[in-house]
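Undergrad: Handing you this structure, nothing more for now.
The values are calculated or read from the model by the stated rules, or taken from the named source; none is laboratory data. The model shown is predicted, which means the values in this text are computed figures rather than measured ones. Every residue, glycine as well, gets a Cβ built from its backbone with ideal geometry; the counts of neighbours run over all protein chains shown.
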Amino acid sequence: MNILIKDVNVLMGDYSVQQGNIAITDDKITAVGDVPAGFVADHTIDGRDRFAVPGMVNAHTHASMTLLRSYADDMELMDWLNNKIWPVEGKMVEKDIRIGAKLALLEMIKSGTTAYADMYGPYMESVAEETISAGIRGILARGAIGFAPSGRKTLEENVDLFKNYHGAGDGLISVLLGVHAPYTCPPDFCQYAAELSAANGINVHIHMSETQAEIKQITEQYGKRPFQYIEATGLFNRPSIAAHCVWLDDADMDMMLAKKITPVHNPGSNLKLASGIAPVKKLLEKGIKVALGTDGCSSNNNLDMLEEVRLAAMLHKAKELDPLAVPAAEALKMGTEYGAQALWLDKVGKIEAGWKADIVLYDLNRPEWCPRHNLVSLLVYSANSSSVDTVLCNGKVVMEKGEVKTMDQEKILFEANACAMDLVNR
Ligand SMILES: [Zn+2]
């Protein structure tokens, strides 16, 4: 299958913007600029007044939590988890996980996300199947809570998910081992997770150092800060992504560099739960390529990565009293290529020959895109994701001219609303 995006403004790999064509064969970009000699397109997309940007990579979320959007807001993290979120999650059945994931997938496609890292479950097999059907990349993990009686079984089910789905859907699906957080996972559990990770070659997805309360609790309990605690269990000998990383000291950051642990910054969630502001400027200065995520829909409350890109660009300017702290292009890289690297996605996150065709076209015929002095600046500081016009992932068109090709929006909204109301009243 050959696709040609014709006469489009392209965000090139070096972050210059050039007018040209993008030729795609199967899952890959084969040329950017001139159309290669002999290239015959099976499908042509008119790229005039469109801006082609790599698809957003949401490196940390809990997709099926869409069903809990607006269910519990303006609460302390532990009060929110213990008294609102975990009791409802305990009642979730396969249908809730599946329909919640479908709502998330629809929202992600419509806001220009082509890859997402999910930590949730049970029934992640259903999430994998829905993700393949929707046509975007899912980097899926069960979220295992170590102090739960079924914690070890959950890890073992995560290994089964890896064996059954890693690489499925023409490579759309990959699987990580989900270890919830230092404050929910005791040492022997983390050691077991490290053993399973090493024995099966599964990389790790964990929440780290989210709140000051977590630092206090872990330090009192184990005499170590969270990063030292998890390292002592052996888990950080495995390649890992660590969501949040709000409260870090220099030793934590040095460990992240040495052990290649990639932080996933979740500015919207950290603001809403009043967790704090991660030291992103310092992490970037140390050469750590910080990824971006939305976190779940009950702490954000949406899956719109362009909002996170803007927050990342804005928040650290105010925190550091430095308008140069995180420039627009750097924030956009955090939401695209750094996220793809963090999730071990090969050749994802740039529009260049030989890279995967994960591309979003933004419609520039809108007031917020006028005048066009600088398209990267307009995307990060002015536009919103309602200008997402066309989305390709792995060389397939999943949305074109505003219409999602792989999902039935009306049906999903109806089902998700009914399912969520039934869940909270169950
Ligand atoms: Zn999370």
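Undergrad: Take the residues of segment 377-397 that are in contact with a Leu (Cβ under 7 Å, 6 or more places away or on another chain) and among the β-branched types (V, I, T): which is nearest to I109 (Cα to Cα)?
TA: Filtering segment 377-397 for residues that are in contact with a Leu (Cβ under 7 Å, 6 or more places away or on another chain) and among the β-branched types (V, I, T), the one nearest to I109 (Cα to Cα) comes out as T390.
Undergrad: Okay, moving on. Within segment 334-362, take every residue that is among the hydroxyl-bearing types (S, T, Y) and closer than 20 Å to R50 by Cβ and give me the one that is surrounded by the most Cβ atoms within 10 Å (Cβ to Cβ). Give the steps one after another, and end with the answer.
TA: Residues of segment 334-362 among the hydroxyl-bearing types (S, T, Y): 336, 338, 362.
Narrowing the set further to residues that are closer than 20 Å to R50 by Cβ leaves 336, 362.
On the way: T336: 29, Y362: 26.
Checking each candidate, the answer is T336.
Undergrad: Could you check D346 against (1) within 22 Å of E330 (Cα to Cα); (2) of a type outside the set (S, T, N, Q); (3) in a loop (DSSP other than H, G, I, E, B); (4) touching a residue at least 40 places away in the same chain (Cβ under 8 Å) and say which number it fails?
TA: (4)
Undergrad: Can you name every residue in segment 252-288 that is away from the ligand (no atom under 16 Å from the Cβ) and of a type in the set (K, R)?
TA: Across segment 252-288, the qualifying residues are K259, K260, K281, K282, K286.
Undergrad: Same structure, new question: Looking at A115, A128, A104, can you tell me which residue is within 15 Å of the ligand (Cβ to nearest atom), closer than 26 Å to Y338 by Cβ and either crowded, with 18+ Cβ neighbours inside 10 Å or not aliphatic (A, V, I, L, M) (or both)? Let's see the steps before the verdict.
TA: Working: A115 fails: within 15 Å of the ligand (Cβ to nearest atom); A128 fails: within 15 Å of the ligand (Cβ to nearest atom).
Result: A104 is the single residue among A115, A128, A104 that is within 15 Å of the ligand (Cβ to nearest atom), closer than 26 Å to Y338 by Cβ and either crowded, with 18+ Cβ neighbours inside 10 Å or not aliphatic (A, V, I, L, M) (or both).
Undergrad: Kindly indicate which of A353, A325 is assigned to a loop (DSSP other than H, G, I, E, B), at pLDDT 95 or above, farther than 23 Å from L392 by Cβ and over 15 Å from the mean Cα position of the chain (by Cα). Reasoning before the result, please.
TA: Details: A353 fails: farther than 23 Å from L392 by Cβ.
Within the list A353, A325, the selection yields A325.
Undergrad: Separate question: For residues in segment 270-315 being in a helix (DSSP H, G or I) and buried (at least 24 other Cβ atoms within 10 Å of the Cβ), which is farthest from the chain's Cα centre (by Cα)? Walk me through how you get there before you give the answer.
TA: Within segment 270-315, the subset in a helix (DSSP H, G or I) is 270-272, 280-285, 305-315.
From what's left, buried (at least 24 other Cβ atoms within 10 Å of the Cβ): 280, 305-306, 308-309, 312.
Numbers: V280: 17, M305: 8, L306: 12, E308: 10, V309: 12, A312: 14 Å.
It comes out as V280.
Undergrad: Take segment 194-229 and flag every residue that is more than 16 Å from the ligand (Cβ to nearest atom), in contact (Cβ under 8 Å) with a residue 40 or more places away in the chain and surrounded by 24 or more Cβ atoms within 10 Å (Cβ to Cβ). Show your work before the answer.
TA: So the first thing to find is which residues in segment 194-229 are more than 16 Å from the ligand (Cβ to nearest atom), and the list is 194-203, 212, 215-225, 227-229.
Imposing the further condition that a residue be in contact (Cβ under 8 Å) with a residue 40 or more places away in the chain reduces the set to 194, 196-198, 200, 202-203, 212, 229.
Result: S197, I202.
Undergrad: In addition: Does L161 meet the test of being in a helix (DSSP H, G or I) and buried (at least 22 other Cβ atoms within 10 Å of the Cβ)? So that I can check it myself, show each step before the final result.
TA: Working: in a helix (DSSP H, G or I): yes; buried (at least 22 other Cβ atoms within 10 Å of the Cβ): yes.
Criteria met by L161.
Undergrad: Could you tell me which numbered condition A331 fails, if it satisfies all but one of (1) surrounded by fewer than 24 Cβ atoms within 10 Å (Cβ to Cβ); (2) assigned by TED's automatic domain parsing to the domain that holds E107; (3) more than 16 Å from the ligand (Cβ to nearest atom)?
TA: (1)
Undergrad: Hey, another quick one. Of the residues in segment 231-251, how many are within 16 Å of the ligand (Cβ to nearest atom) and not in a loop (DSSP other than H, G, I, E, B)? Let's see the steps before the verdict.
TA: Of all residues in segment 231-251, those within 16 Å of the ligand (Cβ to nearest atom) come to 240-247.
Within this subset, residues satisfying the condition of being not in a loop (DSSP other than H, G, I, E, B) are 240-244.
Counting residues in segment 231-251 that are within 16 Å of the ligand (Cβ to nearest atom) and not in a loop (DSSP other than H, G, I, E, B) gives 5.
Undergrad: In segment 107-127, is there at least one residue being part of a helix (DSSP H, G or I), under 18 Å from S298 (Cα atoms) and not basic (K, R)?
TA: Within segment 107-127, the first condition is being part of a helix (DSSP H, G or I), and the residues that meet it are 107-110, 124-127.
Of the ones still in play, those that are also under 18 Å from S298 (Cα atoms) are 107-108.
Subset that is not basic (K, R): 107-108.
Taking every residue of segment 107-127 in turn, at least one turns out to be part of a helix (DSSP H, G or I), under 18 Å from S298 (Cα atoms) and not basic (K, R).
Undergrad: Checking N82 against (1) farther than 28 Å from G13 by Cβ; (2) of a type in the set (S, T, N, Q); (3) within 19 Å of the chain's Cα centre (by Cα): exactly one of these is not met. Which one?
TA: Only one criterion in (1) farther than 28 Å from G13 by Cβ; (2) of a type in the set (S, T, N, Q); (3) within 19 Å of the chain's Cα centre (by Cα) is unmet by N82, namely (3).
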